[in-house]
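Have a look at the structure below, then the notes.
The values are calculated or read from the model by the stated rules, or taken from the named source; none is laboratory data. Model, not experiment: these values are computed from the prediction. No Cβ is skipped: glycine too gets one built from the backbone with ideal geometry, and neighbour counts run over all protein chains shown.
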């Protein structure tokens with residue numbers, strides 16, 4: 001029963017690829033936005049904060065539909081991306097990655113922001129009195145000390161991306177080999193007569209991947225904590 | 001410079017070229033705010049700050065140098081070492097930005113602070129005193145034109161304070177590094193400063209040499225009455241472990257081996273450690289008896305009175321005695337008295353090499 005079919009392997013590989021690309025792609029922007037929200041004071045900060053959190057509170061299907069409107073081949077951004085870079089997102093795995101990134105973004109920003117806020121701002125002041133320009137002190141003091149939070153945010157985003165269903169299926173549908181990730185595949189299996197066994201297999205795979213991701217992140221977190229935590 | 005934040009207003013002006021300035025005052029008097037303004041961590045509403053000939057801030061001319069371009073070193077109350085870096089990396093942090101300013105001999109600084117053996121450690125594994133020494137070293141190695149110390153000892157216990165104090169003194173004397181020292185502890189100020197500026201409610205209420213400013217009746221009156229006496233080292237008594245100081249009002253005996261013969265020394269005397277006699281006392285344990293004239297007696301509400309004494313020669317001394325003693329000895333202004341000091345009350349916290357004010 002635990003023998004995976006070629007289709008299962010395809011779905012698994014696709015899911016991991018989409019989740020990795022979504023997480024790594026969203027990470028730099030999430031760090032930038034989290035830093036801005038944690039440290040900067042600017043007009044419209046509340047608006048930015050609300051906008052970032054929107055995917056968390058909206059029905060995923062709504063997010064997926066909005067993505068389709070904006071990034072579809074006839075959507076304003078989608079059209080521009082295709083004519084400028086030849087990049088098509090709708091009904092492609094890249095679109096699935098975008099949908100996952102958007103859904104995971106609020107979680108990632110939240111975790112990183114909290115950890116940056118927890119770093120004593122006077123350490124950056126101390127760095128400044130030692131002659132360090134703001135960007136340098138941010139890169140060498142604030143960010144390293146916030147690293148555990150950055151890691152936690154990335155793990156949250158990865159987990160969210162792995163399980164994303166509503167926005168993905170609305171935006172890029174469920175095309176085997178292209179956009180059929182594990183959740184889509186499980187859903188498809190349950191809709192197919194006699195697909196129970198396949199659904200069960202994929203479910204076990206999903207659980208295994210989640211547990212593996214969690215274990216990996218725990219191991220990483222411990223290493224990071226040891227590196228920045230200040231143990232003697 | 002002027003600054004208003006919430007209900008707090010700061011308006012003060014002073015200049016100093018003695019190389020060791022202390023800002024002295026109660027907490028909330030604005031002394032740390034002044035340091036923040038010098039370091040560039042705060043922006044004044046008006047005024048200007050010039051250090052070592054460089055204008056750091058001049059609101060009227062629209063100049064504001066950001067902190068990282070000021071070459072002003074700062075030692076914070078709680079050290080603020082970077083917890084994720086080793087002592088070595090903490091010390092090295094400012095080195096890459098050290099330019100012109102003052103050239104620094106890293107080994108000399110590390111040796112002077114006695115932190116060479118801590119290099120591989122993390123800040124979390126250091127004692128409070130070690131942390132503060134590393135913080136001083138970190139600030140120095142960035143080659144600042146002036147070193148600001150913001151109550152560097154107040155987070156430390158008594159023993160640690162005694163441990164750090166000599167390092168700050170060496171900084172002043174051996175390296176001759178210009179420093180601004182902020183404190184509310186009169187003994188620290190008396191030991192370190194060549195010049196004192198007293199702040200109260202964001203304004204300068206007094207400034208000058210420690211002997212004058214910290215003198216009885218001076219602006220520091222509210223900080224616990226103390227006097228600062230300057231005297232020349234006469235010699236050492238190795239057998240008893242005492243140092244004799246020469247003062248026109250009488251010899252002063254302090255514990256320990258301090259200074260070299262001929263050095264000027266500064267002794268901080270708490271008013272509560274002074275006893276008075278109308279005749280030259282005999283057969284008492286006090287080793288220091290100073291002759292002087294009572295200038296004034298301030299009788300307060302409680303049982304005590306403050307007696308201000310002009311010492312023969314120079315210097316003033318304040319004594320806190322009971323009103324009953326005043327009446328029974330029939331003390332009055334103009335009387336000659338003998339002020340007696342316990343040598344053991346003049347420990348090394350209270351005595352210090354007194355550099356001549358340049």
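So that you can scan it fast, the table gives a plain yes or no per residue for (1) over 30 Å from residue B:169 (Cβ atoms); (2) in contact with a strand residue (DSSP E or B) (Cβ under 7 Å, 6 or more places away or on another chain):
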{"position": "B:17", "(1), (2)": "no, no"}
{"position": "B:27", "(1), (2)": "no, no"}
{"position": "B:37", "(1), (2)": "no, yes"}
{"position": "B:46", "(1), (2)": "yes, yes"}
{"position": "B:61", "(1), (2)": "yes, no"}
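The residue that is farthest from the other protein chains (Cβ to nearest Cβ), counting only those in region A:115-145 that are more than 16 Å from residue B:81 (Cα to Cα) and in contact (Cβ under 8 Å) with a residue 40 or more places away in the chain, is A:117. In region A:66-88, the condition of being at pLDDT 90 or above, away from every other protein chain (no Cβ under 14 Å), surrounded by fewer than 22 Cβ atoms within 10 Å (Cβ to Cβ) and under 20 Å from the mean Cα position of the chain (by Cα) is met by at least one residue.
Exactly one residue among B:233, B:226, B:274 is surrounded by 19 or more Cβ atoms within 10 Å (Cβ to Cβ) and touching a helix residue (DSSP H, G or I) at 6+ places or on another chain (Cβ under 8 Å), and that residue is B:226. Within region B:187-211, track down each residue that is on the phi > 0 side of the Ramachandran plot and surrounded by 20 or more Cβ atoms within 10 Å (Cβ to Cβ). Within region B:187-211, just B:202 meets the criteria.
It is to be established whether one or more residues within region B:149-161 are within 11 Å of chain A (Cβ to nearest Cβ) and over 21 Å from residue B:182 (Cβ atoms). Looking for residues that are within 11 Å of chain A (Cβ to nearest Cβ) and over 21 Å from residue B:182 (Cβ atoms), one finds none in region B:149-161, hence no. Of all residues in region B:152-170, those being within 21 Å of residue B:195 (Cα to Cα) and in contact with a helix residue (DSSP H, G or I) (Cβ under 7 Å, 6 or more places away or on another chain) number 8. When the residues of region B:116-145 are narrowed to those that are outside any helix (DSSP H, G or I) and crowded, with 24+ Cβ neighbours inside 10 Å, which ends up nearest to the other protein chains (Cβ to nearest Cβ)? Here the residue is B:142. The strands (runs of 3 or more DSSP E) located wholly in region B:251-309 that include 2 or more residues which are more than 21 Å from residue B:233 (Cα to Cα) occupy B:274-277, B:288-299.
The sole residue among B:64, B:76 that is within 10 Å of chain A (Cβ to nearest Cβ) and under 22 Å from residue B:16 (Cα atoms) is B:76. The set of residues from region B:337-358 being out of contact with any strand residue (DSSP E or B) (no Cβ under 6 Å at 6 or more places or on another chain) and at pLDDT 80 or above comprises just one member, B:342. On inspection, residue B:35 passes the criterion of being under 22 Å from the mean Cα position of the chain (by Cα) and either outside any strand (DSSP E or B) or within 9 Å of chain A (Cβ to nearest Cβ) (or both).
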